Structure formats: structure tokens, C-alpha cells
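Trainee: The structure's right below; bear with me while I get my questions together.
We did not get these values from a lab; they are worked out from the coordinates using the rules stated. Note that the coordinates shown come from a computational prediction; the quantities given were computed from them, not determined experimentally. Virtual Cβ from ideal backbone geometry, glycine too; neighbours counted across all protein chains shown.
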Amino acid sequence: MGAVTPRFRRFSANRETGAPKYSRSRRHPGLAQPFEEPLPDGWSFKEVGAVGVDNKDNVYVFNRGDHPVMVFDRGGNFLRSWGEGQYPRAHGVHMGPDDSIYLTDDGGHFMRKCSLDGHGPRQ
């Protein structure tokens, strides 16, 4: 059985707006485009801890703001958020091979395995 390699993208933020930007992926050259005004009115990113990409090329931004997990499609369109009130200090993301997401929080000193829709820890 071969090793599973998560598909991460290089992350940077726009200095003026704080919106994330992603570098192009060699595997998916059309995937990563700069996000332009991707969030609902009044929302913002705060100290992005990590970014992951699922097998459908949805981008999961794990940040330390009011909406810790923000999900975008491959075109940068906001899809949903989840995890409000559950993560004191977002730190890391790992995408599991079984359509799960592993989130680490270094403020709460824990790791959670969740479904991609955010409906609670997976067993």
C-alpha cells in the first residue's frame, strides 16, 4: 500500500485585503487563482494557520477568526464555514484519505478528525 500524500497549496495573503492567494499546482494548473472578495460581507480572515485541499479540489482555510474553517470551491467561491466556537487557536490541517479532515489546535492542545462538512468529530 502506497503512502497517501496530502495535496496542499502554497499560501500567501494579500497585504491590503488579507484575502488568501494560492500558488499554481503542477498537478492542477487551473486550480489556484487569487481569491477576489471571497467572503460574505463583514467577514475576514485572521491569522490563517493552515490550508488543505480535498479530493474535489475544495479549499479549506483554517484560521483564527470567528469562522475557523472556511470552504471555497476551486474557483475561489465561498461555499460554507463551520467550527465556530470550537477552536481557540487554529494551527494545522491534514486531509485524510477517507474524506475526513484533521484539525490541530495549539491553544486547546488537541487534534480532531472531522467530516468535510464539519458535522462533528468522526469516530
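Trainee: Considering the stretch 106-123 alone, what residues qualify as being hydrophobic (A, V, I, L, M, F, W, C), assigned to a strand (DSSP E or B) and closer than 16 Å to ASN55 by Cα?
Mentor: CYS114
Trainee: Are any residues in the stretch 95-105 surrounded by 13 or more Cβ atoms within 10 Å (Cβ to Cβ) and either not aromatic (Phe, Trp, Tyr) or not in a strand (DSSP E or B) (or both), and if so, which ones?
Mentor: Residues satisfying the conditions are MET95, GLY96, ASP99, SER100, ILE101, LEU103, THR104, ASP105.
Trainee: Among the numbered criteria (1) closer than 21 Å to ASP57 by Cα; (2) among the small types (Gly, Ala, Ser); (3) part of a loop (DSSP other than H, G, I, E, B), which one does GLY92 miss?
Mentor: (3)
Trainee: Quick check on the stretch 43-94: of everything there that is buried (at least 19 other Cβ atoms within 10 Å of the Cβ) and aromatic (Phe, Trp, Tyr), which residue is nearest to LEU116 (Cα to Cα)?
Mentor: Here the residue is TYR60.
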